[in-house]
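Visitor: First the structure, then my questions, so here it is.
The values are calculated or read from the model by the stated rules, or taken from the named source; none is laboratory data. Because the structure is predicted, anything quoted here is derived from the model rather than measured. Every residue, glycine as well, gets a Cβ built from its backbone with ideal geometry; the counts of neighbours run over all protein chains shown. Please note that ligands, DNA and RNA were not included when accessible areas were found on the heavy atoms of the full protein model with its side chains. Shrake-Rupley method; radii C 1.70, N 1.55, O 1.52, S 1.80 Å.
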Amino acid sequence: MNPVRSASLVEKVFIDRDKLYSMLQERPPSRSRLQEILNKALLLEGLSLEEAAELLLVEDHEGIRMMMEASRIVKQEIYGRRLVLFAPLYIANACDNNCVYCGFRKANTRLKRVVLSIPEVEHEVAALLRQGHKRLLMLTGESEESPLDYFIEGLRAAYRVRVGPHNIRRINVEIAPLDVEGFRRLKAEHIGTYTCFQETYDPVLYKKYHPSGPKSDYEWRLLVMDRAMEAGIDDVGIGALFGLADYRFEVLALLEHARHLEEAFGCGPHTVSVPRIEPAEGAPLSYRVPHPVNDEDFKKLVAVIRLSLPYTGIILTTREREELRNELFHYGVSQISAGSRTNPGAYDDHDHPDSGAQFSLGDHRSLEEVISCLIDQGYIPSFCTGCYRKGRVGVDFMDLAKPGLIKAFCLPNALFTFKEYLEDFASEDVRRRGNALIERLVREEVPAHRKDRTWEGLEKVAQGERDVYL
């Protein structure tokens, strides 16, 4: 049984299933109407639910190309040449749920279950620091074997680890829904974004895919961000697992969720994640995806989210293969994982190398290989945590982002963290090409009033100073 819900929360299911599906029964927009919607999106003020639904109805190749081009412009205008990098850190794969698409499901008797000890958590973090990571997403299954006390102890341990001058500067969290008091405890641990996916927003299909365990309660999960934000969590991340229902319905539901949070708390989600189902050992539905999403539709849904929520980060993980990830960097994605593993103990070769994974990966490149590719495409790999640590989060972040003021901090800070990576972790070839890219972007894209401070910050990093940010 889930804890008693807070009486101060509005117990309202804001997803109208019939309404959202009915919007997908309309005719696709004409070419002139499509252009009208895209012109509005280019104003960087987002789109209505009805306009997003019209875009989702577009099926012809030229129409989708127009949407992708518009999303490229919006992405460039708001995020520029930055891509934020992080690594997932799974500390336990024990789980009491039976989600039929997940390798961690309780009924999967073939999975080797592991709950990392605190020293093992520290080993994993040290291994990630040696690669150059500074931002983590810490995850665990929902189980009495890994309660909140254990997770908090793991968070504290991760923040304590030092490898030379390096430490983890931001830990985002993806764990099962808590009550308000639980979220207050989590906030006190200086977390970054709290992330939780609804998986599918279709309440009928949700019951089918979550037959048992605490996760089977649709409304408890749907209202998780209300409780998190009531508890004072500044940044939250929502998402759907594409393939469980009509992807167009899920996109509309995500937009409704964002609208609900904006109306209720004055700030929508900090991020939206767009994972697709991938094969997982012992998860039968992962091999028989009920509503498969092909690459063309996947690119379209990323574009629609970017055009509808221009200031919200879009996260793309290593579930997707290298070629598709490289393409989507241009069209809306702003945060990516790199060098990922989805089984506990997998980063340190001595700790549980045979523990069970949650799902299969599509991109197996190392962090340096991903960074090398980003350099070739002219992108700055960013490990920046400046806004989080200066309190530019939640409503304050959006107040700076929407008028375009946040960019004055973002590009210089991204350059500083990239320079730090090049100095301390990169091979000679990557360092040479990365420094050339930094010099070009300072000349061409850093605003004139920030150039001097940017050059000064880069020189500080070159001279050995670390953790430089505006």
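Visitor: Suppose the chain between ARG443 and GLU26 were pulled fully straight at 0.36 nm per residue; how much longer would it get relative to their current alpha carbon spacing?
Guide: 145.3 nm
Visitor: Quick check: from the Cα gyration tensor, does the stretch 11-141 come out rounded (a/c under 1.5), prolate or oblate?
Guide: oblate
Visitor: Please give, to one decimal in nm, the separation of the simple spin-label points placed at GLU36 and GLU181, each 7 Å out from Cα toward the Cβ.
Guide: The modelled label-to-label distance comes out at 5.4 nm.
Visitor: Let me ask another. Roughly how many nanometres apart are two label points built 7 Å out from the Cα toward the Cβ at ALA188 and LEU57?
Guide: 5.2
Visitor: Arrange the peptides 92-101, 279-288, 456-465 so that the one whose residues have, on average, the most other Cβ atoms within 10 Å appears first.
Guide: Most protected by this proxy first, the peptides run 92-101, 279-288, 456-465.
Visitor: Need the full-extension length gain, GLN131 to GLU423, defined as separation in residues times 0.36 nm minus the C-alpha distance. One decimal, nm.
Guide: 103.9 nm
Visitor: Same structure, new question: Please report the accessible area of HIS291 (heavy atoms, 1.4 Å probe, ligands and nucleic acids excluded) in Å², nearest 10.
Guide: 70
Visitor: Moving on to the next point. For the cross-link pairs LYS112/LYS187; LYS40/LYS451; LYS40/LYS207; LYS75/LYS419, which exceed 28 Å when the distance is taken from alpha carbon to alpha carbon?
Guide: Violating the 28 Å Cα-Cα cut-off are LYS112/LYS187; LYS40/LYS451; LYS40/LYS207.
Visitor: Here's a follow-up. Please give the solvent-accessible surface of GLU230 in Å², to the nearest 10, using a probe radius of 1.4 Å with every protein chain present.
Guide: That residue has around 60 Å² of solvent-accessible surface.
Visitor: Given the DSSP H assignment, sum -39500 (n - 2.57) over each helix run of at least 4 residues in the chain and divide by its residue total; what's the result at 222 nm in deg cm²/dmol, nearest 500?
Guide: Only helices count here, giving -13500 deg cm²/dmol.
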